[in-house]
Every structure is written in structure tokens, then in C-alpha cells.
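Since the structure comes first, as C-alpha cells, the remarks are kept for the end.
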């Protein structure tokens with residue numbers, strides 16, 4: 001049971017992200033089906049109309065099942081955690097608001113799935129029923145959101161939540177259907193694309209309206225943006241929405257002049273794939289935001305601008321492993337002791353999720369150790385980025401072996417991540433594997449080896465096919481996971497400052513993943529841009545790791 | 001495990017080395033937080049108040065929340081939470097006499113948006 005509670009905070013954010021992605025696609029594909037495929041199908045050649053209908057139906061079914069499963073698991077997780085912590089029977093929990101709303105949500109999804117099952121194109125009544133069930137899903141999730149628990153401005157925040165989620169469905173949720181629809185004959189693809197751009201524009205408007213509500217109800221000031229986890233996550237979301245708007249604007253232009261050649265939609269498809277990847281990252285941030293208190297509720301202990309500039313002012317990297325003889329350590333320890341005394345004197349009530357507790361007190365050696373790890377990782381990533389840039393010039397053949405640098409990183413992880421255990425510590429390898437965290441680290445090292453060797457083999461032409469996509473997908477997944485991790489509940493300044501350093505890393509990882517993906521998939525004019533962009537992102541990541549500090 | 005391990009792991013993830021290594025570890029969190037409490041955290045009181053009131057930033061499901069009084073010897077007493085009333089506050093009577101010493105109020109609340117949060121409010125009753 002303790003292990004279950006240990007995983008609760010993390011599992012709920014990850015499940016929430018999955019649920020959010022699946023639900024956005026479900027609602028978006030219903031909108032696509034009813035507002036785009038059905039009316040336009042009548043204007044298309046019969047073959048295209050049938051294919052468009054099948055695309056929408058298939059996406060509704062797939063996203064519906066994914067949404068049903070993730071919503072059920074998320075509800076089950078909350079139910080299980082509550083039952084475990086209250087030590088009560090399941091009957092006593094059935095009336096809880098979130099249980100009732102999860103039930104309503106599941107019911108509405110089942111209705112949607114039932115309505116999508118018949119293969120024939122939906123008639124007027126079925127289309128209305130599909131929209132009605134989608135609205136019911138939206139209502140259920142809105143009434144289970146942050147907004148419902150607020151004491152002030154509840155109606156405004158409920159409206160903002162509904163608008164925001166509907167906007168995401170209009171804009172991002174229909175992208176899987178759109179990308180499939182671009183394989184229709186060029187005139188039909190153009191027709192679908194032009195209609196979709198109207199839906200997307202509607203979605204952008206709804207999202208902006210919802211965002212305005214969130215600003216007034218949850219954030220409220222510029223200081224809250226950089227001073228709290230909620231504010232900085234919302235800012236990351238905004239940056240990615242800006243990227244999406246740029247991509248959307250490019251799509252808008254392309255959608256209105258799709259060439260008749262078979263490869264005419266290739267460039268458009270790459271942009272849409274990038275939009276989908278960034279869309280997933282945005283939804284991961286949205287899921288993460290549900291686990292933190294709104295910025296407005298944390299007026300104390302915010303990180304100040306002066307503290308941010310002090311922390312992010314570059315200093316020479318820590319390239320020697322710490323030991324107690326290091327002269328800088330006693331001074332750092334004195335500073336940490338003073339901070340701890342100030343925190344203790346404040347005596348603010350702490351709050352945690354089940355399974356979470358106070359972090360063990362930091363000492364200067366811990367921090368020096370961590371900074372050393374970050375800085376050497378930064379050097380290696382910087383080397384990878386520079387080597388990849390050289391490789392992109394095509395003039396330095398040896399640079400294509402850059403994946404081998406990752407082998408060095410794997411060895412570094414294997415040696416440094418668990419200093420108490422083999423090979424650095426006294427605990428033997430087999431004994432250390434009883435600790436799940438050690439197992440994770442050792443597995444990570446092995447996976448990095450596999451990842452580096454596969455990418456190297458691709459570079460040498462030894463492996464072909466889908467293995468090429470391991471690298472960009474890993475970058476995207478790394479960025480998304482970094483965005484979706486859980487946060488300090490109160491304004492723990494250290495955690496917030498670390499958060500501020502990790503957010504740009506995550507954003508660069510997402511952009512790098514999209515760029516490498518585009519380089520691999522073409523068309524040539526976009527691949528050329530991607531080839532330079534992702535190494536530049538890696539260099540940025542390497543630099544950020546090099547200036548990383550924890551005190 | 002020491003904090004440096006999870007940070008090292010984050011760095012490696014950020015370095016795009018391994019997407020699924022579990023870099024997401026870190027302080028988990030939830031939604032409802034304490035706004036004010038009576039007694040306040042760390043208070044040193046001549047006598048315990050007749051009732052405890054903890055106000056949160058979220059509307060609560062009182063029936064599925066819990067409040068424990070824990071003594072220095074770790075003995076736990078479940079306090080009966082008042083139903084109805086303020087939707088964002090937990091209110092419960094304290095025992096008539098609390099012996100001098102260190103006490104903790106251990107609360108767990110279910111916000112109506114489904115988030116579970118828990119925490120402690122320590123206070124001291126001074127000897128007369």
C-alpha cells in the first residue's frame with residue numbers, strides 16, 4: 001500500500017496527461033466528423049466522402065476507447081488512494097463529487113462509442129446525438145476541474161475551463177483526422193483543409209477567451225508568472241501555444257493552396273505532425289497544472305526576479321567531483337543552514353499528497369554532487385550538438401559518430417547516479433538492485449547504450465526503417481515527461497528555481513524532437529532547416545545544463 | 001534516497017538520454033492548501049482552544065476528509081469534523097483538557113475537484 005501511495009502523485013499526473021490527450025482527440029474528432037466530414041462529404045466524389053467518413057469514425061472509436069480506459073484508470077487511482085488513506089469501505093466513497101463525475105464522463109463516452117459503431121454515415125439525428133454526448137463529456141470534465149472547488153469567481157472559471165477545453169478540441173483534437181484527410185484527392189484534401197482552418201481559428205479564439213479567465217482567476221499578476229510553479233508552467237504553455245500559432249499560420253497559407261501534385265501535401269503534413277507533438281506537450285503541461293495550487297493562492301515565499309537573475313547568472317561549471325576538502329563547501333553549507341533556519345522560523349503549514357513527504361535536508365555535498373553531474377552531462381550534450389552541427393555541414397565525416405558520445409553519458413550515469421552502490425559505493429550490485437530507484441538508473445544506462453548504438457547504426461547505414469525515429473521520439477518523450485512531472489505544493493523556492501531551469505530544457509527538447517523528425521521525413525526544403533535546428537537545440541540544452549545551479 | 005539522485009536523473013533526461021527513466025520524480029503535490037488555522041502552526045498556547053478550525057483555498061468534501069489529534073507519544077484521536085457550514089473549512093471540537101506538551105493536528109482533505117491533500121499543524125500547550 002505504501003508503494004501505491006508513493007506512486008500516487010506521479011501516476012495521477014501521467015494518467016491525467018494521457019486522459020487529456022485522448023479526450024481532446026475524441027472531442028476534436030467528433031467535431032471533425034459532424035461539422036466537417038458530414039457536410040463536405042456531400043460535395044466530394046463518393047470515394048473521398050466514404051474515406052473521410054471512415055477516417056472520422058475510426059478516430060472517434062480509437063480515441064473513445066483510449067479516453068474511456070484512461071478516465072477509468074484515473075478515477076480508480078483517486079478512489080484507491082482515498083480508500084487507502086481514509087481506511088474506509090468503497091461504499092462510503094461512492095457519493096464523492098469526482099466519483100459521480102467520472103461515472104458521468106464514462107457514461108457519455110460509452111454513448112459516443114455506441115453512436116460511432118454503425119458503419120454508415122451518420123444522419124441528422126445521430127450527428128446531433130454525437131454532439132450532445134460530446135457536450136456531456138465536456139460538462140463532466142469541467143465540473144470536475146479546479147474551477148469547481150474555487151470560492152470566488154466560480155462561474156467565470158467554469159466557463160473559462162469549458163471554453164479552453166472546447167478550444168483545444170476544435171484546434172488540436174481534430175489534427176489526427178486532418179492529417180489522414182490530406183491523403184484524399186487534392187481537391188477534396190483542399191476542401192477539408194480549408195474548412196479545418198475555420199474550426200482551428202474558432203478553437204484559437206476559444207482558447208484565448210479561456211486563458212483570459214484563467215489569468216484573472218488563477219494567476220493575477222506578472223510576479224506570479226515567474227514566482228510560482230503554476231505561473232511558470234502556464235508561461236511554458238503560452239510559449240508552446242505561440243509556436244503552435246506560428247505553425248497554424250503556416251498551415252493556413254498552405255491549406256489554401258494545396259498543389260495538385262501527389263507530394264503536394266508533404267510539407268503540410270510535416271507541420272501538422274509538429275503541431276500534434278507540441279499539442280501533446282501542451283496537454284502534458286495542462287495535466288501538470290492540475291496538480292498545483294493556483295498562483296493566486298500562494299502569495300508568500302514566491303521566487304523574486306532578483307533571485308532568478310542571481311541563480312541564472314552563469315558561473316564556471318563544477319568540473320571536479322566534490323569532496324569535503326573543497327573550500328567552497330563550508331561556505332555553501334553555512335548559506336544552506338541559514339536558509340533552513342529562516343524556513344523553520346516561518347512555520348507555515350505544509351501540505352502534501354499521499355505518499356509524499358518532506359525532502360531530506362540538503363547538504364552542500366549533495367548539491368555539489370548534483371551540480372557536478374549536471375555540468376558534465378551538459379558538456380557531453382554540448383559535444384553532441386557541436387558534432388551534429390559539423391555532421392550537418394557534410395565536410396567532417398568523423399562527426400557522424402556523435403552518438404558514441406552518448407555512450408560516455410551512459411557510463412557516467414552508471415557510475416555516478418548511485419554513489420552508495422556499486423561501482424562507487426559499498427553496496428554490491430545485486431544487493432543494490434533491491435532498491436527500485438537503483439534499478440531505474442541501471443536500466444537507464446542500458447537503454448542509453450541501446451539508444452546510442454541504434455542511432456549510430458542508423459548513421460552508418462547499418463540499420464534502416466523505423467529505428468530512425470527512436471532518437472526524435474525519445475527527445476519528444478523526454479521533453480513531455482519533463483513538462484508533466486509533479487511539483488512542489490507550496491512555494492518551495494529551491495524547487496521553483498530548479499523548475500525554472502528545467503522548463504526551457506523541456507521546450508528545447510520538444511523543438512529538437514520535431515526538428516529531427518522533420519529532417520528524417522522531409523520534404524527536402526524542411527529537412528534542411530531541421531538538420532540545423534535540432535543540433536542548435538542540443539547546444540542550448542548543453543549550455544543550460546552547464547550553468548545549472550542549485551544554490 | 002538522497003535528493004541528488006533524482007536531480008541527476010532529471011539532468012540525464014533533460015539531456016535527452018532516456019525518455020522513460022523516471023525523471024519525473026520529485027516532490028509530488030496537490031491542490032488544497034491551508035490558508036489559515038486556529039491554532040496556527042507552531043503556536044505555543046497557555047491553553048488549548050475549544051475547537052480547531054482549518055481554512056483551505058478549496059471547497060471540501062467534509063464527509064471524506066479526516067482530522068487527527070496526535071500527542072507526543074504518537075497516540076491518535078480522530079476528531080469529529082462538523083458537517084455543513086463553511087465549505088472551505090474543517091472545524092472540530094478539541095478535547096476539554098489537553099495536557100501540556102507538543103501536539104499535532106494531522107489533516108487530510110478531499111477537495112471537491114477530487115484532489116487529496118494532507119499535512120500536519122504542530123502546536124504546543126504550555127505548562128501552567
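Scanning region B:86-118 for residues that are within 14 Å of chain A (Cβ to nearest Cβ) and at positive phi returns a single hit, B:114.
Might you let me know whether region A:163-170 holds any residue that is in a loop (DSSP other than H, G, I, E, B) and in contact with a helix residue (DSSP H, G or I) (Cβ under 6 Å, 6 or more places away or on another chain)? Scanning region A:163-170, I find no residue that is in a loop (DSSP other than H, G, I, E, B) and in contact with a helix residue (DSSP H, G or I) (Cβ under 6 Å, 6 or more places away or on another chain), so the answer is no.
Residues are listed down the side, and each one gets a yes or a no for (1) in contact with a helix residue (DSSP H, G or I) (Cβ under 8 Å, 6 or more places away or on another chain); (2) in contact (Cβ under 8 Å) with a residue 12 or more places away in the chain; (3) over 23 Å from residue A:321 (Cα atoms); (4) not in a helix (DSSP H, G or I):
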site: A:387; (1), (2), (3), (4): yes, yes, yes, no
site: A:407; (1), (2), (3), (4): yes, yes, no, no
site: A:418; (1), (2), (3), (4): yes, yes, no, yes
site: A:423; (1), (2), (3), (4): yes, no, no, yes
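Counting only residues that are in contact with a strand residue (DSSP E or B) (Cβ under 8 Å, 6 or more places away or on another chain), closer than 16 Å to residue B:54 by Cα and assigned to a loop (DSSP other than H, G, I, E, B), region B:69-117 holds 9 of them. Comparison of A:21, A:13 shows that the only residue that is touching a residue at least 60 places away in the same chain (Cβ under 8 Å) and away from chain B (no Cβ under 14 Å) is A:21.
Are any of the residues in region A:438-461 at pLDDT 85 or above, at the interface with chain B (Cβ under 9 Å from one of its Cβ atoms) and in a helix (DSSP H, G or I)? No, because not a single residue in region A:438-461 is at pLDDT 85 or above, at the interface with chain B (Cβ under 9 Å from one of its Cβ atoms) and in a helix (DSSP H, G or I). When residue A:21 is tested against (1) in a loop (DSSP other than H, G, I, E, B); (2) within 21 Å of the chain's Cα centre (by Cα), exactly one condition is not met: (1). Filtering region B:32-50 to residues that are within 18 Å of the chain's Cα centre (by Cα), over 18 Å from residue B:82 (Cα atoms) and more than 8 Å from every other protein chain (Cβ to nearest Cβ) leaves only B:43.
For residue A:92, the stated conditions do not hold, so it cannot be described as more than 29 Å from the chain's Cα centre (by Cα), in the same structural domain as residue A:55 (by TED's automatic domain parsing) and under 15 Å from residue A:57 (Cα atoms). Of all the listed residues (A:238, A:283), the sole one being surrounded by fewer than 22 Cβ atoms within 10 Å (Cβ to Cβ) and part of a helix (DSSP H, G or I) is A:238. Whenever a residue of region A:131-159 is at positive phi, its partners that are in a helix (DSSP H, G or I), lying with C-beta atoms within less than 7 angstrom and at least six residues away or across chains, give the pairs A:153/A:217. In this structure, does residue A:28 turn out to be surrounded by 21 or more Cβ atoms within 10 Å (Cβ to Cβ) and touching a residue at least 40 places away in the same chain (Cβ under 8 Å)? Yes, satisfied.
From the list A:444, A:474, A:512, the one residue that fits, being closer than 17 Å to residue A:406 by Cβ and not assigned by TED's automatic domain parsing to the domain that holds residue A:386, is A:444.
With respect to the conditions (1) assigned by TED's automatic domain parsing to the domain that holds residue A:531; (2) touching a helix residue (DSSP H, G or I) at 6+ places or on another chain (Cβ under 6 Å); (3) surrounded by fewer than 16 Cβ atoms within 10 Å (Cβ to Cβ), residue A:381 falls short on a single one, namely (3).
Conditions tested, residue by residue: (1) in contact with a strand residue (DSSP E or B) (Cβ under 9 Å, 6 or more places away or on another chain); (2) modelled with pLDDT of 95 or more.
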position: A:1; (1), (2): no, no
position: A:8; (1), (2): yes, no
position: A:44; (1), (2): no, no
position: A:47; (1), (2): no, no
position: A:57; (1), (2): no, yes
position: A:67; (1), (2): no, yes
position: A:92; (1), (2): no, no
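The values are calculated or read from the model by the stated rules, or taken from the named source; none is laboratory data. Note that this is a predicted model, so its numbers are computed, not measured. Cβ coordinates were reconstructed from backbone atoms using ideal geometry, including for glycine residues, and neighbour counts include every protein chain displayed.
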